[in-house]
Amino acid sequence: MQTRGRYHSRLARTQDDVEAAQRLRHLAFHGQDGLDADRFDSECDHLLVEEVGSGALVCCLRMMPLAGGSEIGRSYAAQHY
């Protein structure tokens, strides 16, 4: 865990953590409650940023570990570019 000012960051450790990230993504992309889940979630590490005082999740991102550049084609972004 990394703390700086009002926020700390950590990697998701549980399925509940991943679902919290999926809920925040859904709210950000669709403006309503729900889960934004796809096939990439299980392959990625999820970084969560929480407000220290409340514990509220305020930011999330996911990172897909790749062995090398030749694997970029299996990433989420590869669908769009």
**Fill in**
Of the residues in the range 11-52 that are under 10 Å from the mean Cα position of the chain (by Cα) and small (Gly, Ala, Ser), the one that is nearest to residue 77 (Cα to Cα) is 21
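Please go through the range 27-43 and pick out each residue that is of a type in the set (Gly, Ala, Ser) and either surrounded by 10 or more Cβ atoms within 10 Å (Cβ to Cβ) or farther than 22 Å from residue 66 by Cβ (or both). Steps first, please.
Kept after step one, since they are of a type in the set (Gly, Ala, Ser), are these residues of the range 27-43: 28, 31, 34, 37, 42.
Of everything in the range 27-43, those that are of a type in the set (Gly, Ala, Ser) and either surrounded by 10 or more Cβ atoms within 10 Å (Cβ to Cβ) or farther than 22 Å from residue 66 by Cβ (or both) turn out to be 28, 31, 34, 37.
On the given criteria, is residue 47 in contact with a Leu (Cβ under 6 Å, 6 or more places away or on another chain), free of Cβ contacts under 8 Å to residues at least 24 places away in the same chain and of a type in the set (A, V, I, L, M, F, W, C)? Give the steps one after another, and end with the answer.
Details: in contact with a Leu (Cβ under 6 Å, 6 or more places away or on another chain): yes; free of Cβ contacts under 8 Å to residues at least 24 places away in the same chain: no; of a type in the set (A, V, I, L, M, F, W, C): yes.
No; evaluated as a whole, the condition is false for this residue.
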**Asked** Pick from the range 1-24 the residues that are within 15 Å of residue 56 (Cβ to Cβ) and basic (Lys, Arg): which of them is surrounded by the fewest Cβ atoms within 10 Å (Cβ to Cβ)?
**Response** 6
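Read-outs throughout are calculated quantities, based only on the coordinates presented, and are distinct from any laboratory measurement. These numbers come from a predicted model, not from an experiment. For neighbour counting, all protein chains shown are included, and Cβ atoms are generated from backbone atoms with ideal geometry for every residue, glycine included.
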